[in-house]
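Structure record follows, encoded as structure tokens.
No value in this document is a laboratory result; all are computed from the given coordinates. This structure is a prediction, so every number in the text was calculated from the model and none was measured. Note: ideal-geometry Cβ built from the backbone for every residue, glycine included; neighbour counts use all protein chains shown.
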Amino acid sequence: MKDYALMMIGAALVNNVILARFLGLCSFMGVTTRIDAAAGMGLATTFVITVSSMADWAVQHYLLAPYGLGFLRTVTFILVIASAVQFTELTVRKVSPPLFQMLGIYLPLITTNCAVLGVALLLVEGRMNFMTSTLFAFASSVGYSLVMVIFAGQRERLAVAAVPRLFAGPPIGFIVASLLAMAFMGFSGISTG
Amino acid sequence: MSNNAYTRIVRDGLWDNNGVFSMLLGMCPTMAMTTSATNGFGMGLATAAVMAASSLLVATFRNHISQEVRIPVFILIVATMVTLVDLAMNAWMHELYKVLGLFIPLIVSNCLPLARLEAFAAKAPIVPAFVDGLCMGLGFTIALTAIGAVREIIGSGTLFADASLLLGPSFKFMELRLLPASMGVLMMILPPGGFLVTGLMVVGKRLLDLRAGKEIQMAGAHGIA
């Protein structure tokens, strides 16, 4: 139990998907102009990462590994992810129409979010069992959502700040993200202590 | 197509509409693989190979790919090219392959190849599409090498360290030590340095464009205001 908790904290905070592993930066810069949009994107991505990691784990262990098809991994995983996104879209539309209204435009974009493929590939590299890999995927995506919301909060303040014209837009965003990454480096002490 | 049109494509790809500094696409490898100039160079070349090959394929089959399913088809073509590059690098450039690791398969979900396929290769004849893919890829390589060089010089005081190990013995001449090792600022090699250097280099490109009397692009391809 303690191992699981430490692993999850490590995946969410210490090796944060965005700030330490540099995955999913397109959505990190693209949809963090408002907090509610960032939270919605985080929620949808959390769902997709968890579901597609479970599916990718099954594909890897029951299809690719036994038949020696490792070289097809990239192609199959991206197909699994695209289907998982489609499945998420259908489920959300059926279960909660208001949530679907809110997430609508962001859902298809998740296919090309490299955090999804990145986490799936990390799981294969780490040779984790089903339980560990599902928890790892979930914790990673919670870390992703957390950073999305924090950064969106900062950018809402940034929108009213007087930024020099040359720095306006993405560059000041990168510099703020750099400070945020520095702050998150403080978590790296947790894994050893 | 006239010579002029090709000059335009090359200029756009390499500088004017540079994938990293102007369109802000493909940010993940840009930050993650620029801890040294050599890594950035290798990552850039792998991406350029994928982009040139997939642009060529998409342009060849552009009349057979129907509008409704074009995005999945593009993704599958890119994924196939990435698998080829992945296997080729594993076989012939194994040291570099180990360094780039996860980010070779992740070229699939890099927005830059997909954006160029959608915006250019899907509507262009074969040769211009190939030239566009290649030049956009080389522009990406230049950007990654430049960011990598800045981070490496400030972070560890070297330039193109390990080039002979990663790219082959004939690149030995590129390895330089510009500053003593004790002057290295570790922060530049770590994640915050990636964000900082990229942000400042986007500003640098805007400054140069402004000097040249061009309109500066305020937003990236994502339309960030």
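Would you mind working out the magnitude of the charge dipole of the stretch A:2-187 relative to its Cα centre, with +1 at each Lys and Arg C-beta and -1 at each Asp and Glu C-beta, to the nearest 20 Debye? Numbers along the way, then the final one.
On the way: 10 positive and 6 negative charges, 43 e Å.
Magnitude of the dipole: close to 200 debye.
Quick check for me: using +1 on Lys/Arg Cβ and -1 on Asp/Glu Cβ, what's the dipole size of the stretch B:3-209 about its Cα centre, in debye to the nearest 20? Before the final figure, lay out each step's value.
On the way: 12 positive and 11 negative charges, 42 e Å.
Rounded to the nearest 20 debye, it is 200 debye.
Please arrange A:Phe187, B:Phe41, B:Phe61 by counting, for each residue, the other beta carbons lying within 10 Å of its beta carbon, fewest first. Write out the running numbers ahead of the final one.
Values: A:Phe187 18, B:Phe41 26, B:Phe61 12.
So the residues, fewest neighbours to most, are B:Phe61, A:Phe187, B:Phe41.
For each of B:Glu175, A:Glu125, B:Glu215, count neighbouring Cβ atoms within 10 Å of the residue's Cβ, then give the residues from fewest to most. Walk me through the numbers before you get to the answer.
Details: B:Glu175 15, A:Glu125 10, B:Glu215 7.
So the residues, fewest neighbours to most, are B:Glu215, A:Glu125, B:Glu175.
Looking at the protein assembly as shown, what % of the alpha carbon pairs are farther apart than 30 Å? Intermediate values should be presented prior to the final figure.
Numbers: 36209 of 87153 pairs.
Result: 42 percent of Cα pairs exceed 30 Å.
Can you pull the Rg over Rh of chain B, Cα-only, Kirkwood? Intermediate values should be presented prior to the final figure.
Numbers: Rg = 17.9 Å, Rh = 18.1 Å.
Ratio of gyration radius to Kirkwood radius for chain B: 0.99.
Which lysines, if any, have their Cα less than 24 Å from the Cα of B:Lys172, not counting same-chain residues under 8 positions apart?
B:Lys98
Take B:Ser22, A:Ser52, A:Ser83 and order them by how many other Cβ atoms sit within 10 Å, fewest up front. The partial results should precede the final answer.
Values: B:Ser22 21, A:Ser52 28, A:Ser83 14.
Ranking B:Ser22, A:Ser52, A:Ser83 by Cβ neighbours within 10 Å, fewest first, gives A:Ser83, B:Ser22, A:Ser52.
Considering the dipole of the stretch B:1-100 built from charges on the beta carbon (Lys and Arg +1, Asp and Glu -1) around the Cα centre, which of B:Met51, B:Ile9, B:Val82 is farthest to its positive end?
B:Ile9
Only Lys, Arg, Asp and Glu count, each charged at its Cβ (+1, +1, -1, -1), so figure out the dipole size of the protein assembly as shown about its Cα centre, rounded to 20 debye. Each step should come with its number before you reach the end.
On the way: 24 positive and 18 negative charges, 95 e Å.
In total the dipole reaches around 460 debye.
When only Cα pairs under 8 Å and 6 or more residues apart are kept, what is the percent relative contact order across chain B? Write down the numbers at each step before the final one.
Working: 345 pairs, mean separation 71.8, N = 225.
Averaging sequence separation for qualifying contacts and normalising by length gives 32 percent for chain B.
Run the numbers on the stretch A:82-193 and let me know its relative contact order in percent, using alpha-carbon pairs under 8 Å that are six or more apart. Before the final figure, lay out the partial values.
Working: 21 pairs, mean separation 17.0, N = 112.
Over the stretch A:82-193, the number comes to 15 percent.
Computed on alpha carbon atoms, what radius of gyration and Dmax characterise the stretch A:2-187, expressed in Å?
17.2, 59
What residue among A:Leu64, A:Leu23, A:Leu135 shows peak mean-square fluctuation when chain A is described by a Gaussian network model with Cα springs under 10 Å?
So, out of A:Leu64, A:Leu23, A:Leu135, the one fluctuating most is A:Leu64.
Starting from the Cα gyration tensor of the stretch B:1-101, take the square roots of the eigenvalues, sort them a ≥ b ≥ c, and report rounded, prolate or oblate (rounded when a/c is under 1.5, otherwise prolate if a/b is larger than b/c, else oblate).
Details: a/c = 1.91, a/b = 1.24, b/c = 1.54.
In terms of gyration-tensor shape, oblate.
Based on the Cα gyration tensor of the stretch A:1-74, what are the three equivalent ellipsoid semi-axes, each the root of five times an eigenvalue, rounded to whole Å and given largest first?
Details: eigenvalues 153, 64, 30 Å².
Rounded to whole Å, the semi-axes are 28, 18, 12.
With the contact rule set at Cα under 8 Å and sequence spacing of 6 or more, what percent relative contact order holds for chain A?
Values: 197 pairs, mean separation 82.1, N = 193.
Reported as a whole number, the value is 43 percent.
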